[in-house]
Amino acid sequence: MSRFQEKQTTLLSRVELATVKGRILYWCLFALLAAMAFITLFPCIWMILCAFKTPREIAAGSSFFPENFSLKGAAEQIAFAWEVLEMGRSILNTLFLCLTNCAITVLCSGFAGYVLSKRKRKGMGEVFVLVVWTMMMPGSVRMVSTFISYLSFPLLIDNGLDIPTNVNVLNTYVPMWVGAAAGSFTLILFKNAFDAIPNTLVDAARIDGCSTVRIFFQLMLPLAKPTVFYVMMGALSGPWADYFNPYLLLSDPSKYTVPTWLFVIQGKTEVTTNVYMMGLIFACIPPALLYLFFQGRMTGGIMMGAVKG
Amino acid sequence: MKSGLTAWLLLLPAIIAMYLMVWRPQVVGIIWSFFKMRGYEVQEFCGLDNYIRVLTSRNWGLALRNTFLYVFWSFALGFLPPLLIAFFINEMVHFKAGFRTLIYLPALMPGICSMLLWKYMYKADSTGLLNTILMKLGMEPYGWLNHPDTVILMLVLEMTWVGFPGTMFLYYTTLQGIQMELYESALIDGAGPVKRFLHISVPQMFGLLALNIVQQIIGVFQVMNEPLVLTGGGPNGASMSVSYLMYRYAFLEGRVGESLATGTLVFVILLAATCFYFYLNRKVEENYE
């Protein structure tokens with residue numbers, strides 16, 4: 001077993017693994033991990049298997065695997081579920097919300113992080129303390145007062161014109177957008193990432209006549225790539241997970257996002273368990289694709305979050 | 001002078017958004033909790049009326065007790081597994097990346113999908129996954145979410161399934177960050193696995209663990225989605241958490257003033273926990289410097 005000889009020393013080292021007792025312990029741990037991996041994956045496997053069963057098989061509850069499984073049948077079931085679920089509209093909504101949220105997050109939190117890191121003025125230290133406190137504020141306790149404030153949201157400052165300054169933003173995406181701009185954690189992530197970039201680079205660019213906006217887009221963002229990707233992934237996958245805000249704030253179902261849509265169609269009679277499981281699979285695909293795309297590109301970003309816990 | 005203006009202008013959108021979404025609702029929420037509300041409109045000052053009504057109702061005591069149960073169970077079930085698995089994976093020389101990926105996979109599912117999936121798994125008739133297994137073993141189907149004594153445990157089981165891969169990954173990256181030379185020199189000095197664990201792993205992990213525990217308390221204390229999606233607070237309020245109570249007052253029962261008062265009470269409790277977190281954070285950072 002040469003692989004044991006090369007093992008880096010942690011709790012078990014090559015010394016212990018050379019003994020029989022150590023080997024047994026090691027393989028016990030291995031078996032335990034395998035069991036754990038099986039348990040964690042079991043619900044997902046069940047979801048996929050259920051999606052390809054017929055309603056009758058599910059009602060009988062007898063078999064774990066779908067009977068009479070064929071590729072053609074599976075394709076038909078996917079097509080059938082797609083028709084029943086009517087998710088197209090909500091997918092488009094979610095995509096729209098994703099992209100707008102992502103742009104808003106990167107611009108608002110990014111610029112703010114840049115200013116707090118590289119363009120500090122008097123008073124900005126206090127602003128940063130405020131931001132840290134914003135992050136630590138428990139979110140759920142504001143649910144109701146935030147909801148009430150949406151009824152007359154101060155979107156514009158008083159301009160002396162006839163345009164109303166306070167508008168009811170319920171049944172629009174405005175709350176979600178303002179929420180994306182208010183990300184204090186992403187702001188801090190950006191600030192930390194920009195702090196790691198030497199000031200001299202920024203000064204040199206400025207002496208060469210680079211504008212602030214250009215410095216941000218052509219210098220800061222590319223140099224802080226892992227963090228930018230990490231934040232982008234968060235912003236892009238957020239609307240695929242948040243069922244609650246659209247459910248609470250939107251009254252028009254044609255504006256619902258995928259998670260909210262799935263939440264409200266549970267009761268419909270034509271949505272049988274197998275169709276519903278297919279819907280859950282549909283809803284899992286985009287975030288999984290996002291993760292696959294960003295996975296290798298944001299390692300630094302995760303580490304940075306991990307340092308502070 | 002001009003560049004100072006630009007800097008403030010670039011900072012402004014984020015600050016305004018935070019003011020609108022965090023600071024203003026936080027402050028007015030506390031103020032409004034002392035006012036009589038009609039629908040969502042603020043009426044006249046009414047002193048502690050809302051609070052008295054919240055504190056004297058059966059719901060508050062029940063919800064608070066349930067919330068502490070959520071926190072308790074989330075520890076009993078959720079503290080050790082991610083830590084142990086992170087340690088175990090770190091020991092592997094076979095299939096290390098495979099285990100890491102497989103165990104992390106459920107975390108890729110959007111939270112709402114996991115909740116809905118578990119709702120179907122817990123189904124009380126013969127079609128739910130857990131009941132199919134029971135019936136295979138020759139037992140009667142069980143109403144997993146229908147028993148007041150165990151319903152919170154069931155919800156926490158789902159929360160643990162959703163949350164533990166992320167925590168495991170965090171612990172794992174920290175373990176990976178421990179310098180191998182430390183273990184190596186301890187090995188040469190003759191320290192066995194137990195001693196290496198006590199004198200190297202534990203001190204290196206302690207700060208992160210402490211911070212994570214406080215964060216978990218703050219997070220689980222605000223649990224709302226699980227009771228909302230899986231049980232609707234039932235059976236008979238047995239899974240109602242304080243956050244869900246707040247939701248119920250405001251959006252289902254039209255008792256907005258009481259909802260605001262509940263929110264303020266929870267806020268005070270969590271603020272204490274948050275201050276403790278900051279204190280701990282400072283301590284931990286001092287130790288690492």
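Annotations
- Result for chain B in a Gaussian network model with C-alpha springs under 10 Å: among B:ALA14, B:ALA63, B:ALA250, the largest mean-square fluctuation is at B:ALA14.
- A straight line joining the Cα centroids of segment B:203-231 and segment B:118-133 runs 27 Å.
- Using equal-weight Cα scatterers in the Debye expression, the normalised intensity of segment A:75-142 in log10 at q = 0.17 Å⁻¹ is -0.81.
- Taking a ≥ b ≥ c as the square roots of the Cα gyration tensor eigenvalues, chain B comes out oblate, since a/c reaches at least 1.5 and a/b does not exceed b/c.
- Aspartates and glutamates with Cα under 15 Å of A:LYS53, excluding same-chain neighbours fewer than 8 positions away: A:GLU67, A:GLU76
- Partners of B:LYS283 within straight-line reach, counting lysines whose Cα lies under 29 Å from its Cα and excluding those fewer than 8 residues away in the same chain: A:LYS118, A:LYS120, A:LYS122, A:LYS191, A:LYS308, B:LYS195.
- Selected from A:LEU29, A:LEU41, A:LEU99 as most flexible by GNM, with chain A as the system and alpha-carbon contacts under 10 Å: A:LEU29
- Sequence-distant residues sharing a close amide H with A:VAL167 (under 5 Å, placed H): A:PHE153, A:LEU155
- Helix content alone sets the calculated 222 nm mean residue ellipticity of chain B: runs of n ≥ 4 DSSP H residues at -39500 (n - 2.57) each, divided across all residues, give -21500 deg cm²/dmol.
- Accessible area buried between chains B and A, both sides summed, probe 1.4 Å, in Å² to nearest 100: 9000 Å²
- An ellipsoid equivalent to segment A:247-298, defined through the eigenvalues of its Cα gyration tensor, has semi-axes of 26, 17, 6 Å when rounded to whole angstrom and sorted largest first.
- Cross-link partners for B:LYS119 among the aspartates and glutamates, with Cα-Cα distance under 14 Å and sequence neighbours closer than 8 places in the same chain left out: B:GLU158, B:GLU226.
- Cα coordinate range in segment B:155-239, projected on the principal axes (Å, largest first): 61, 18, 18
- Set the Cα radius of gyration of the protein assembly as shown against 2.2 N^0.38 Å, with N its number of residues, and you get 1.04.
- Projecting label points 7 angstrom from Cα along Cα→Cβ for B:ARG38 and A:ALA79 puts them 5.9 nm apart.
- Anisotropy class of segment A:1-125 from Cα gyration tensor, a/c 1.5 cut: oblate
- Kyte-Doolittle at least 0.5, axis length at least 20 Å by Cα - qualifying DSSP helices, chain B: B:2-18, B:151-177, B:202-221, B:256-288
- Shape of chain A, Cα gyration tensor, a/c cut at 1.5: oblate
- Note on segment B:69-123: with neighbouring protein chains present and a 1.4 Å probe, carbon and sulfur make up 77 percent of its accessible heavy-atom surface.
- Taking all protein chains into account, the per residue accessible area for the protein assembly as shown stands at 46 Å² (1.4 Å probe).
- When +1 charges are put on Lys and Arg Cβ atoms and -1 charges on Asp and Glu Cβ atoms, the dipole computed for the protein assembly as shown relative to its Cα centre reaches about 800 debye.
- Among A:VAL271, A:VAL20, A:VAL202: highest mean-square fluctuation, GNM of chain A, C-alpha pairs under 10 Å: A:VAL20
- Kirkwood radius and radius of gyration were both taken over the C-alpha atoms of segment A:160-225, and their ratio Rg/Rh is 1.20.
The values are calculated or read from the model by the stated rules, or taken from the named source; none is laboratory data. Model, not experiment: these values are computed from the prediction. Because the Cβ atoms are built from the backbone with ideal geometry, glycine has one as well, and the counts that use them run over all protein chains shown. Protein only, heavy atoms only, side chains kept; ligands, DNA and RNA dropped before computing areas. Shrake-Rupley method; radii C 1.70, N 1.55, O 1.52, S 1.80 Å.
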